[in-house]
Amino acid sequence: GTLDEQPGEHGAAHFLEHMVFKGTERRGVGEPAAAIEALGGDLNAWTSADTTVLHATVEAEGWRAALDVLVDMARHSRIDPGETERERQVVLEEVRGYANDPAEVLADALQAAAFPKHPYGRPIVGTADEVAALPRQALLDFWHREWGPDRAILSIVGDVDPDEAIAEATRLLG
């Protein structure tokens with residue numbers, strides 16, 4: 001989440017959340033979502049001050065395939081330079097959308113007033129100036145530093161054998 005952003009990285013957590021959907025070493029742009037949808041499932045993500053969450057909902061028999069997609073996104077995304085610049089425009093549009101939403105403006109102002117010297121006081125999506133200036137290398141640095149298996153919580157819910165889930169997660173994550 002945004003609490004882990006260093007100076008010069010503000011907005012990186014949310015921007016990276018977008019980028020992991022833009023292809024991996026094994027899957028092209030759009031293919032992670034297509035793989036989950038082919039299972040009849042849904043793939044989504046969100047970022048807060050404390051966490052970035054990748055989330056897939058599939059039928060129980062699809063859990064291994066879904067886990068493979070999520071691990072692939074989290075660990076093997078391309079963060080392609082061209083896709084980064086295209087997605088920057090999407091993120092900037094989202095930032096502008098929040099700036100035009102009175103509830104979001106009020107929430108950000110309240111957070112800033114309550115936490116003037118703490119990361120909770122910063123907008124989760126970053127400001128337009130921060131996102132526009134955020135170098136691709138800052139995204140890569142944030143990703144490599146903050147998205148390791150030692151920083152993750154894996155939750156699998158449903159009709160899944162826990163020993164099988166642990167074995168598969170260990171195989172995929174090392």
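The values are calculated or read from the model by the stated rules, or taken from the named source; none is laboratory data. Predicted model, so just to flag it, every value in this text is computed and none were measured. Because the Cβ atoms are built from the backbone with ideal geometry, glycine has one as well, and the counts that use them run over all protein chains shown. All accessible areas refer to the heavy atoms of the entire protein, side chains included, with ligands and DNA or RNA removed. Shrake-Rupley method; radii C 1.70, N 1.55, O 1.52, S 1.80 Å.
A single entry from 130, 146, 168 fulfils the requirement of being in contact (Cβ under 8 Å) with a residue 60 or more places away in the chain, open to solvent by less than 80 Å² (accessible area, probe 1.4 Å) and more than 15 Å from residue 9 (Cβ to Cβ): 168. No other residue among 17, 85 is in a helix (DSSP H, G or I) and surrounded by fewer than 17 Cβ atoms within 10 Å (Cβ to Cβ) apart from 85.
What about residue 62, is it open to solvent by 20 Å² or more (accessible area, probe 1.4 Å) and of a type outside the set (Phe, Trp, Tyr)? Here the answer is no, as residue 62 does not meet what is asked.
In the set 124, 153, only one residue is open to solvent by 80 Å² or more (accessible area, probe 1.4 Å) and of a type in the set (Val, Ile, Thr); that residue is 153. Kindly check whether there is at least one residue in segment 113-132 that is of a type in the set (Asp, Glu), at negative phi and modelled with pLDDT under 95. No: segment 113-132 contains no residue that is of a type in the set (Asp, Glu), at negative phi and modelled with pLDDT under 95.
Of all the residues in segment 50-69, those that are more than 16 Å from residue 30 (Cβ to Cβ), out of contact with any Asp or Glu (no Cβ under 7 Å at 6 or more places or on another chain) and in a helix (DSSP H, G or I) number 6. Of the residues making up segment 10-63, those that are touching a residue at least 60 places away in the same chain (Cβ under 8 Å), hydrophobic (A, V, I, L, M, F, W, C) and touching a strand residue (DSSP E or B) at 6+ places or on another chain (Cβ under 8 Å) are 13, 16, 19.
Within segment 71-82, the set of residues being open to solvent by less than 60 Å² (accessible area, probe 1.4 Å) and over 14 Å from the mean Cα position of the chain (by Cα) comprises 80, 82. Inspection of segment 30-46 identifies no residue that is crowded, with 18+ Cβ neighbours inside 10 Å and among the polar types (S, T, N, Q).
Taking the listed residues 34, 12, 99, 103, the one that is on the phi < 0 side of the Ramachandran plot and under 14 Å from the mean Cα position of the chain (by Cα) is 12, with no other qualifying. Counting the residues of segment 102-120 that are of a type in the set (Ser, Thr, Tyr) and farther than 19 Å from residue 7 by Cβ gives 0. Residue pairs whose Cβ atoms lie under 8 Å apart, separated by 6 or more positions or on different chains, with the first residue in segment 77-94 and without any contact (Cβ under 8 Å) to a residue 60 or more places away in the chain and the second in a helix (DSSP H, G or I) and open to solvent by 70 Å² or more (accessible area, probe 1.4 Å), are 81/136.
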